[in-house]
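**Q** Take this structure first; my questions come after.
The values are calculated or read from the model by the stated rules, or taken from the named source; none is laboratory data. A quick note: this is a predicted structure, and the numbers were derived from the prediction, not measured. Note that we place each Cβ from the backbone using ideal geometry, even for glycine, and neighbour counts take in every protein chain shown. The area values use the complete protein model at the heavy-atom level, side chains included, leaving out ligands, DNA and RNA. Shrake-Rupley method; radii C 1.70, N 1.55, O 1.52, S 1.80 Å.
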Amino acid sequence: MPVYTLFIVNKAGSLIYHKNLSTKARTINANECLYMASVFHGLFLNASSLSPLKSVNLAVPQGIEAIVTENFRLECLRTLTGIKFFITADPDADYLKALLSDVYVIYSDYVLKDPFYVVEMPIRLQNFDQKVSSFIIETAARGEMKSPSSRPASSRHRP
């Protein structure tokens, strides 16, 4: 599976959820995930302050949206409430923005609508965890999560 790890960070920079999604990537323990989320949050804030576009409008992208290296790609979705969803995947993955949007919908349906969940706190909801895992597995099984280089040429550019 070309998706490695999913992280959800609250607006204060605390890791509230992480999920290792691939056996291809090295296993990341909880302490490493906390460290990575903190570092990313700091980088995101620094990138936001360095942005030449100074706007209070959250629709204007500020901060880090994607980081692409030879070994992986990190894609970030920042919501209007300040929650950041970011995911690591194969460097050729071009579907991550849409995938993060779908995960955000699942988050809205399963986490925010849970009467016992306290906003900004760690997500410990089994239904959400199962839904995210099954959604990504089903998407991969349908072939919608293949990297562009692994798709047949006829399906790379759909109108």
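**Q** On the full set of protein chains, 1.4 Å probe, figure out the accessible area of Ile136 and give it in Å² to the nearest 10.
**A** 0
**Q** Let me ask something else about it. Across segment 1-142, how many lysine pairs, 8 or more positions apart or on different chains, have C-alpha atoms separated by under 16 Å? Please give the number.
**A** Values: Lys11/Lys84; Lys19/Lys84; Lys19/Lys131; Lys84/Lys97; Lys113/Lys131.
For segment 1-142, the number of qualifying lysine pairs is 5.
**Q** Run through segment 83-122 and list the trypsin sites (Lys or Arg not before Pro) located in a DSSP loop whose Cβ has at most 13 other Cβ atoms within 10 Å.
**A** Answer by residue number: Lys113.
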